[in-house]
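A.B. asks: This is the structure, below, for whatever I ask next.
Computed from the coordinates by the stated procedures, all read-outs in this text should not be read as laboratory data. Worth saying up front: this structure is predicted, and the values here are computed from it rather than measured. Here the Cβ positions follow ideal geometry from the backbone for every residue, glycine too, while neighbour counts run over all protein chains shown.
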Amino acid sequence: MPLALYALTAGAFGIGVTEFVIMGLLIEVAGDLGVSIPAAGLLISGYALGVVLGAPILTVATGRWPRKSVLLALMAVFTLGNAAAALAPDYGTLMAARVLTAFAHGTFFGVGSVVATGLVAPDKKASAIAIMFTGLTVATILGVPFGTWLGQMFGWRSTFWAVTAVGFAAFAVIWAFVPRDAAPAQQGSLRDDLVVLRRPQVLLGLLTTVLGYAGVFAVFTYIAPILTRISGFSEAAVSPLMLAFGAGLLIGNLAGGKLADRKLTPALIGSLVTLTVVLGLMSFAIHDRIASALFVFLLGAAAFATVAPLQMWVLEKAEGAGQNLASSFNIAAFNLGNAGGAWLGGLVIDRGPGLDFVTWAAAFVTLSGLAVALLALKLDAGGRRAACPAPAADQSVRRARKSSIA
């Protein structure tokens with residue numbers, strides 16, 4: 001794998017830390033800025049909204065730029081956004097800085113996925129995407145715990161200054177190692193770009209991503225109360241269990257990429273089936289400590305095993321004009337699923353049957369994502385059959401030709 005791919009991984013690491021580290025610093029942020037903890041929690045929702053809105057806007061705005069220039073500009077936005085967060089004098093400014101930083105997120109992963117697949121051989125494309133997303137998994141395993149500790153020891157602003165430094169480093173390695181394009185990323189018009197979103201397989205792929213990841217975050221958002229109130233772990237045990245979750249993310253991410261390189265369709269369906277089964281069985285496992293610890297790892301592995309196949313599916317079906325836009329939309333779809341899953345889990349807890357049933361609800365919504373993926377495959381197969389004449393029809397044509405010659 002070329003060094004340029006690991007430069008993209010460095011950028012993904014910084015973005016991953018920024019997205020998730022605020023979860024461990026809500027108390028410090030709330031106390032320093034004089035807001036409630038739920039209000040501080042909205043900084044997470046604001047970031048997710050920024051990803052959803054920013055991905056299509058920035059992708060369209062930078063669609064005629066060389067892709068390396070796009071990546072450098074996005075890392076500059078990311079770095080400035082984190083510096084603004086570190087300097088924020090009040091809650092409103094911090095929220096604005098978080099949203100600004102999030103604008104770089106979707107387009108970076110969207111354009112970065114296209115760049116990553118162009119750096120490797122055709123049979124390594126999904127693995128290239130997985131390696132780029134490894135930065136996100138390493139951020140979850142190492143970056144977020146370290147950032148949380150740093151913020152607790154030296155104040156939450158120190159964490160954002162550290163991430164700003166990561167942004168400078170990522171900018172430098174992307175500038176040094178990612179090859180410069182000879183031509184703009186896309187040559188067509190905006191209308192050509194938007195046409196790709198009318199393809200049924202692309203739209204169904206985006207919907208599959210939303211539903212699949214809604215199931216993951218319906219559980220992950222409330223994993224701490226599930227482990228403490230149902231499984232019986234102490235609060236101190238939650239952090240080590242999150243390391244198991246992070247290890248699962250890393251293994252599942254790389255495995256999903258390799259499987260998708262071999263056969264994309266079986267990898268896509270198989271990963272969604274596995275995720276659905278893990279979420280369903282987790283409903284029983286959370287009542288036992290050993291089983292619940294195992295399933296925390298399996299949830300991480302199954303969740304990120306879907307990432308490369310889902311991203312590769314959308315890229316493949318959006319090939320041509322609009323590929324950058326479709327790729328960025330899929331990153332937005334992941335974040336929309338994150339937000340929707342957190343909302344669904346909260347709804348089940350507050351107005352539904354309660355915390356015990358969150359995993360059941362998550363399994364059901366991921367199962368619906370699997371159903372959408374199967375529908376997309378059915379449409380895809382129907383389109384291929386329509387493009388090719390039926391064997392029987394070919395034989396009848398040959399017989400008619402022979403009789404006419406005779």
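A.B. asks: Normalised by the empirical 2.2 N^0.38 Å for globular proteins, what value does the Cα Rg of the range 53-203 take?
C.D. replies: Normalised Cα radius of gyration, the range 53-203: 1.16.
A.B. asks: Relative to the Cα centre, what is the charge dipole magnitude of the range 64-156, using +1 at the beta carbon of each Lys and Arg, -1 at the beta carbon of each Asp and Glu, and rounding to the nearest 20 debye?
C.D. replies: In total the dipole reaches around 340 debye.
A.B. asks: Binning every alpha carbon pair distance of the range 19-99 at 10 Å from zero, what are the percents per bin?
C.D. replies: 17, 46, 25, 11, 1
A.B. asks: Report the semi-axes of the equivalent ellipsoid for the range 323-366 in whole Å, largest first, where each axis is √(5λ) for an eigenvalue λ of the Cα gyration tensor.
C.D. replies: They are 28, 10, 5 Å, listed largest first.
A.B. asks: Debye sum, Cα scatterers, the range 43-85, no solvent: what log₁₀ I/I(0) at q = 0.15, 0.18, 0.26, 0.33 1/Å?
C.D. replies: Results for the range 43-85 at q = 0.15, 0.18, 0.26, 0.33 Å⁻¹ read -0.42, -0.59, -1.01, -1.11.
A.B. asks: Expressed as a rounded percentage, what relative contact order does the chain have, with Cα pairs under 8 Å and six or more residues apart?
C.D. replies: In percent, rounded to a whole number, it is 25.
A.B. asks: Can you tell me the equivalent ellipsoid semi-axes for the range 238-312? Use √(5λ) from the Cα gyration tensor, largest first, whole Å.
C.D. replies: That gives 24, 13, 7 Å for the three semi-axes.
A.B. asks: Largest first, please: the extent of the C-alpha atoms of the range 260-375 along each principal axis, to the nearest Å.
C.D. replies: The principal-axis extents, from largest down, are 49, 31, 23 Å.
A.B. asks: What is the sum of charges around G257, taking Lys and Arg as +1, Asp and Glu as -1, for the other residues whose C-beta is under 11 Å from the C-beta of G257?
C.D. replies: It works out to a net charge of +3.
A.B. asks: Another question about this same structure. Putting +1 on Lys and Arg Cβ atoms and -1 on Asp and Glu Cβ atoms, find which of P266, F217, F233 reaches farthest to the positive end of the dipole of the range 196-276.
C.D. replies: Result: P266, furthest along the dipole toward the positive end.
A.B. asks: Let me ask another. Taking the alpha-carbon centroid of each part, what is the distance from the range 124-185 to the range 312-351 in angstrom?
C.D. replies: Centre-to-centre (Cα) distance: 21 Å.
A.B. asks: Same structure again: Any chance you could give the angle, 0 to 90 degrees and rounded to 10, that helix 358-387 forms with the longest Cα principal axis of the chain?
C.D. replies: The two axes meet at around 20 degrees.
A.B. asks: For the chain, give the magnitude of the charge dipole about the Cα centre (Cβ charges: +1 Lys/Arg, -1 Asp/Glu; no others), in debye to the nearest 20.
C.D. replies: Approximately 1700 debye in magnitude.
A.B. asks: Just the ratio, please: alpha-carbon radius of gyration of the chain over 2.2 N^0.38 Å, N its number of residues.
C.D. replies: For the chain, the normalised Cα radius of gyration is 1.04.
A.B. asks: For A7, what is the net charge nearby, where nearby means another residue's Cβ is under 14 Å from its Cβ and Lys, Arg count +1, Asp, Glu -1?
C.D. replies: +3
A.B. asks: Here's another thing I want to ask about it. Taking the Cα atoms only, what angle lies between the long axis of helix 67-87 and the longest principal axis of the chain, rounded to 10 degrees?
C.D. replies: The helix 67-87 is inclined about 20 degrees to the chain.
A.B. asks: Based on the Kirkwood radius over alpha-carbon pairs, what value in µm²/s does the Stokes-Einstein equation return for the translational diffusion coefficient of the range 189-271 at 37 °C and 0.692 mPa s?
C.D. replies: 207
A.B. asks: Using the structure shown, list the pairs from K258/K378; K68/K258; K263/K378; K125/K378; K68/K263 with a Cα-Cα distance above 22 Å, or answer none.
C.D. replies: K258/K378; K68/K258; K125/K378; K68/K263
A.B. asks: If you consider only alpha-carbon coordinates, what radius of gyration and Dmax does the range 125-174 have, in Å?
C.D. replies: Expressed in Å, the Cα Rg and Dmax of the range 125-174 come to 13.0, 41.
A.B. asks: Can you give the Kirkwood hydrodynamic radius of the range 83-157 from its Cα pairs, in Å with one decimal?
C.D. replies: That comes to 14.7 Å for the range 83-157.
A.B. asks: Taking Cα atoms, how many degrees apart are the long axis of helix 238-262 and the longest axis of the chain, rounded to 10 and kept between 0 and 90?
C.D. replies: Rounded to the nearest ten degrees, it is 20.
A.B. asks: Continuing with this model, one more query. Cα convex hull of the range 1-45: how many Å³ per residue?
C.D. replies: Residue-normalised Cα hull volume stands at 68 Å³.
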